[in-house]
Amino acid sequence: MKKLVITTCIIILLIFLLSSKIFAISDLFSTANGWLETGRQHTNTTMDTTNLKQTSDTIFNIFFGVGVAVAIVVGAILGIQFMTAGIDQKVEVKKSLFPYIISCFVLFGAFGIWKLIVTILSSI
């Protein structure tokens, strides 16, 4: 009886999945054809780089500001914990200081690479 229930559930699941894919594929082709036709109608092939640069700068400033704020808050918390902790707790704070330093390195390195790439690509 248990095998019959499992087999029935699998068959119903397969029927549902196969029928939904058929509808999705037909919709996908009509959407893709409409997108291609829109591309063929437009003859303007230039890209507005100033808008893209402004958007990139805005995203950069927001993420960088949040990252710096989080780094400062976490650094302050670790510093306060280190100053107020006993000897045993200072060891644990020192253990958590290494991942903090690595994450700050990754944060500033990633944003430095991002700014470098945007600067290089904007001069081209």
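The values are calculated or read from the model by the stated rules, or taken from the named source; none is laboratory data. Computed from a predicted structure; not experimentally measured. Backbone-built Cβ (ideal geometry, glycine too); neighbour counts: all protein chains shown.
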**Q.** Meets criteria (assigned to a helix (DSSP H, G or I) and either at pLDDT below 70 or β-branched (Val, Ile, Thr) (or both)) for THR31
**A.** yes
Q | Residues located in region 71-101, provided they are in a helix (DSSP H, G or I), surrounded by 13 or more Cβ atoms within 10 Å (Cβ to Cβ) and not hydroxyl-bearing (Ser, Thr, Tyr) | A | ALA71, VAL74, GLY75, ILE77, LEU78, GLN81, PHE82, LYS90, VAL93, LEU97
Q | Flag if ILE113 is in a helix (DSSP H, G or I), at pLDDT 90 or above and surrounded by fewer than 11 Cβ atoms within 10 Å (Cβ to Cβ) | A | yes
Q: Under 9 Å between Cβ atoms, at least 6 apart or on separate chains: pull out the pairs that start in region 75-95 with a residue that is outside the structural domain of LEU107 (by TED's automatic domain parsing) and end on any residue that is loosely packed, with under 14 Cβ neighbours inside 10 Å and not in a helix (DSSP H, G or I).
A: none
Q: Evaluate region 115-124: report whether one residue or more is of a type in the set (Gly, Ala, Ser) and more than 21 Å from VAL70 (Cβ to Cβ).
A: yes
